[in-house]
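The structure appears right after this line, and notes come after that.
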Amino acid sequence: MTATAARAAALLAELRSLGSERDRAGMARYGIRVDRAFGVSVRTLREIAGRFGKDHALAQALWDTGNHEARLLACFVDDPAAVTSAQMEAWAKGFDSWDLCDQATTSLFDQGAHAWAKAAAWARRGEEWVRRGGFALMAGLAVHDREAGDAAFLRLLPLIERGAFDPRNYVRKAVSWALRNMGKRNRALNAAAVACAERIRAAADARSGGSRGGDPGARAARWVAADALQELASKEVEERLAAQDVARGAIRPPARTGRSGARRAPRSTGRSGRARTRRPRARGGRSAAATRT
């Protein structure tokens, strides 16, 4: 046994000791396969990963065990720079739960050299978890690739429009996730994502002959559009985009207002140039200071 294999075996034994039937049952309730799981939380797995530096060989050895938690741990210890296209394809074949798919794509693959190509390719694939992986990659890239220009994301919108009509629950949720993350990236992409969601809704209505019902694909698309629009038009997203505008100097911050909502006038100054301040008046005409005891 090699040193790397021995470390992987020791970690597998540690994971087994940390397992919990209660957590395992909780995983099952959330749609995660548990036939090869011990019942260890992602938080605990990240704490274990923190004990190691990036180790590509160890990650592959952990993945090869086939254990659910070991594969999640592999996503946290692998080196994105060492991930190959062949590895991504091999691991994608092992996706059997949404959490494993999402951690592999948004904690590892989206930071590697092949992320953009796989996002587009996998979004066209037919296998449920691989296709979800394509849209999850888009969601991860929208957050983690700070250097990508808007054009790179705009090129993905046609794939999102087509993917929205996939009636499979885990696919449609990933489509919405990708669209929402793109629309939160900046003001221009927000407008493009909102327009995309509106096109999806219009296409679903046209396909079903109305704003309700229709085949499973039309219903899935209508759900994607509604889910995306609800967040992209929310107060929280608008405040986030406004803060970005201020940070870039695109707009001036709003003027300060008083309690009544009216803009505050500049304070007058005396001969010394210092701003005059009025002492607050208490009821009855006496100053606030005079009422103190």
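The values are calculated or read from the model by the stated rules, or taken from the named source; none is laboratory data. Quick caveat, the model's predicted, so the values are computed rather than measured. Neighbour counts are summed over all protein chains in view; Cβ atoms, including those assigned to glycine, are modelled from backbone coordinates with ideal geometry.
Considered as a group, the residues in the range 205-214 that are at pLDDT below 95 and loosely packed, with under 13 Cβ neighbours inside 10 Å include one that is farthest from Glu239 (Cα to Cα), and that residue is Gly209. Of the numbered criteria (1) modelled with pLDDT of 95 or more; (2) under 20 Å from the mean Cα position of the chain (by Cα); (3) surrounded by fewer than 14 Cβ atoms within 10 Å (Cβ to Cβ), the one Gln103 fails is (3).
Every test in (1) within 21 Å of Tyr170 (Cβ to Cβ); (2) modelled with pLDDT of 95 or more; (3) not in a helix (DSSP H, G or I) is passed by Gly39 save one, and that test is (1).
Rundown of residues vs (1) under 12 Å from the mean Cα position of the chain (by Cα); (2) buried (at least 22 other Cβ atoms within 10 Å of the Cβ), yes/no style:
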site	(1), (2)
Gly163	no, yes
Lys184	yes, no
Ala195	no, no
Arg199	no, no
Ala203	no, no
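Within the range 165-179, the set of residues being buried (at least 22 other Cβ atoms within 10 Å of the Cβ), part of a helix (DSSP H, G or I) and either basic (Lys, Arg) or over 18 Å from the mean Cα position of the chain (by Cα) (or both) comprises Arg172 only. Of the listed requirements (1) among the aromatic types (Phe, Trp, Tyr); (2) under 20 Å from Glu147 (Cβ atoms); (3) crowded, with 23+ Cβ neighbours inside 10 Å, Trp122 misses just one: (2). Given the structure, is Thr84 of a type in the set (Ser, Thr, Tyr) and either touching a Lys or Arg at 6+ places or on another chain (Cβ under 8 Å) or buried (at least 18 other Cβ atoms within 10 Å of the Cβ) (or both)? For Thr84, the condition - of a type in the set (Ser, Thr, Tyr) and either touching a Lys or Arg at 6+ places or on another chain (Cβ under 8 Å) or buried (at least 18 other Cβ atoms within 10 Å of the Cβ) (or both) - is not met. When Gly66 is tested against (1) assigned by TED's automatic domain parsing to the domain that holds Arg24; (2) part of a helix (DSSP H, G or I), exactly one condition is not met: (2).
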